[in-house]
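The numbers here are math on the coordinates, done by the rules we state, and not lab data. Just so it is clear, the model here is predicted, and its values are computed rather than measured. Note: ideal-geometry Cβ built from the backbone for every residue, glycine included; neighbour counts use all protein chains shown.
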Amino acid sequence: MSKVTEAGNNALSVVNPVVGTFAALPNGFRNLLKNKGLIRNLVSRDISQRYRNSIMGYFWTILEPLLLSAVYFFLFTIIAGNPEERYPLWIILGVITWQFFSRGLNDSVNCLVGNKNMIKQIYFPREVFAFSKVISQLVITIASLVVVIPFMIHLGIEPTTQLFLFPVALMLVTLQVLGVGWLLSVPNVHHGDIAHLTRFITRAGFFVSPVMWTVSMAKGSREEMLNYLFLNPMVVPLELMRAAFDGTNPPIPDWAIYWSVSFSLLSLVVGLTFFKKTESKVVKRL
Amino acid sequence: MNSPTIRLIDVGLSFPQHRVGLGSILRWIKRFFGIDARIEPFIALKQINLEIKRGEVIGIIGRNGSGKSTLLRVMSGIYQPDNGKALSSGPVSLLSNVRIGFNGNLSGRENIHLFGSILGHSRQMMDQLMESIIEFAELEDFIDQPLRTYSSGMQARLGLSVASAVKPDILLIDEVLAVGDAGFKERSRNRIKEMVEDASTVVIVSHNLNYLKQICDRIIVMDNATVKFEGSCEDAISVYNDLIKG
C-alpha cells in the first residue's frame with residue numbers, strides 16, 4: 001500500500017509546505033522577488049488610496065511634514081527660545097524620517113488583520129503584505145524629501161558627498177520596520193493589544209528620539225543618559241539623515257552605529273524567520 | 001488511467017478555540033496553577049482521504065459548516081493541515097470571493113491588473129487578456145471609471161471575468177456561479193464548462209444540485225468534518241437529501 005502511494009506521489013508535491021527554520025529566510029526573499037508585480041500593484045493601490053478625493057492630492061506628501069514641522073518649530077521657540085539657524089531643516093528631516101518609521105511600523109503590524117479577507121480567499125506568500133506597506137511608506141518618504149531643497153537653498157547649504165548617507169539611513173529604518181513589523185504582525189492576530197502597544201511605542205518614541213531635538217542639543221546634559229539614548233535604534237538613522245543633508249559630522253559614537261546596523265539586520269532576519277514559521281498557523285485565527 | 005492531480009492523505013484540521021480579553025489571562029493563571037483550562041478545539045476536517053484525477057470534475061455538497069470550504073482552502077494552500085498531507089501536481093487556483101483586493105478608488109482597468117497580480121499573473125499577461133476580460137464582463141463603457149461607481153453585480157462580473165480569464169490547470173470553485181443577471185450566469189456556466197473541457201481538474205462546492213449533476217463526474221458529500229459519501233451524482237444527491245431530512 002505504502003509503496004503504491006509513494007510511487008503515485010512522485011508527480012505530486014505538497015501544497016504550501018512547512019518551511020524549515022533556516023530555509024525560512026531565503027524562502028521569504030525568493031517569494032518577494034517572485035511577486036514583484038503584485039507588490040508593485042499593492043504599493044500603487046496604497047498610495048492612490050491615501051490621496052483619494054483630495055484636491056491637492058500628491059501635494060499633501062510634502063505639505064503634511066511641512067505643517068507639522070512648523071508647529072514643532074513654533075512650540076520649540078516658545079519653550080527653548082532662539083533655536084539655531086539650521087533647526088528648521090533638522091526638524092523637517094526628523095519629522096519625515098519619524099513618519100516613515102511610525103507609519104511603516106503601524107501599517108505592517110496590522111497587515112495580516114487588515115488583509116484578512118484576501119488572506120482567507122486566496123493563497124499567496126503573505127510576507128508580501130508587510131513588505132508592500134513599508135515600500136509604500138518608503139516611496140512617500142522619498143517623495144516628501146523634495147521639501148528639503150528650498151530649505152537648503154535658503155540656508156545656503158551645498159550638498160556634499162555626505163548625501164550618500166541618506167539612502168543608508170532610510171535603509172536602516174526600512175530594515176527595522178520590516179523586521180519588527182513581520183515579527184509583531186503574527187501575535188497581533190492573537191492579541192489586539194500588540195497594535196495598541198505599537199501605537200504607544202511610536203507615539204512615545206517620538207519624544208525619546210531626536211525628532212524635535214538633535215543629539216548635539218542634548219550633548220550638554222548628563223553624559224551617561226546620552227549612552228542610554230543611543231540604545232534607541234532610531235537615533236542613528238535620524239542623525240544620519242541630518243548629517244546627509246547639512247554636511248556635518250553626525251555626533252554619534254562608532255559603537256552606536258554598529259549597534260543600529262546590527263539591530264536592523266538582526267530584526268530583519270529574526271522577523272522574517274518568525275513570520276514564515278508562524279504565518280500558516282495564524283491564518284486559522286483570522 | 002489518468003494521473004492524480006490532487007491527493008489528500010489523512011488530512012485533519014482543527015481550529016483552536018480561544019478566550020478573548022480577560023478570559024485569556026484567567027486561562028494563563030489557571031494553567032500556572034496546574035488547572036486544566038484547555039478548550040476543546042473545533043474539528044473542521046477529520047481524516048480526509050481523497051484522490052482527484054486529471055480531467056475529473058468533482059462536486060462537493062454538504063450542509064453549512066460541514067467543512068466544504070475548509071477543504072478547498074486546504075487544497076489551495078490557504079490552511080496548512082494539522083496532520084496528513086495535501087499534495088497537488090501543480091499550482092491550484094481557488095475561485096471563491098470574486099471581489100478580492102478590489103479597490104473602489106481604482107478604475108476597472110487598474111483593478112483588473114491588481115486582481116490579476118493577486119492571482120499570480122504577470123502584467124504582460126494581463127495586458128494581453130485585458131480586452132477579452134472587459135468584453136466578457138460587458139463593461140466596455142465603464143472600464144475607466146472608478147470601481148465604486150459600479151453596481152455590485154457589475155463588480156462581481158468583473159471579478160469572475162478576471163478569475164476565469166486564465167485557464168488554470170487545477171481549479172477550485174466555491175459558490176461563485178451565482179453572480180450577475182441570468183444572461184451572465186449562463187455565460188459564466190459556459191465558461192466554467194470550457195475550463196473543465198480543457199482537461200483541467202475542477203472541484204466545485206455548490207448548493208445548486210442540478211448544476212452539479214450536469215457537469216460533475218463524481219460528487220463528495222461532506223458531513224461533520226468527514227467525507228460521508230463519494231460516488232456517482234445520483235447516489236450522492238440522495239445521500240445528501242437523506243442527510244437534510246435527518
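General observations
- The angle separating the long axis of helix A:36-50 from the principal Cα axis of greatest extent in chain A is about 50 degrees.
- Of the residues A:PRO250, A:PRO233, A:PRO17, the one that moves most in a GNM of chain A with alpha-carbon contacts below 10 Å is A:PRO17.
- Of the trypsin sites (Lys or Arg not before Pro) found in the range A:22-104, none is in coil by DSSP with at most 10 other Cβ atoms within 10 Å of its Cβ.
- Its relative contact order, with pairs defined as Cα atoms under 8 Å and 6+ residues apart, puts the range A:42-285 at 28 percent.
- Rounded if a/c under 1.5, otherwise prolate or oblate - the range B:99-167, Cα gyration tensor axes: prolate
- Trypsin sites (Lys or Arg not before Pro) within the range B:40-78: DSSP coil, no more than 13 neighbouring Cβ in 10 Å: none
- Within-10-Å neighbourhood charge of B:PHE15 [Cβ basis; K, R +1; D, E -1]: +1
- Three-way shape label, the range B:165-237, alpha-carbon gyration tensor, a/c 1.5: prolate
- Top of A:SER132, A:SER260, A:SER13 by mean-square fluctuation, Gaussian network on chain A, Cα under 10 Å: A:SER13
- In terms of its alpha-carbon gyration tensor, chain B comes out oblate; a/c meets the 1.5 threshold, while b/c is at least as large as a/b.
- For the range B:137-246, the list of GluC sites (Glu not before Pro) that fall in a loop by DSSP and count at most 15 other C-beta atoms within 10 angstrom reads B:GLU140.
- Tilt relative to chain B, helix B:182-197 - C-alpha long axis, 0 to 90 degrees, to 10: 70 degrees
- Unsatisfied cross-links (Cα-Cα over 30 Å) in the set A:LYS120/B:LYS228; A:LYS276/B:LYS68; A:LYS284/B:LYS185; A:LYS277/B:LYS30: A:LYS284/B:LYS185
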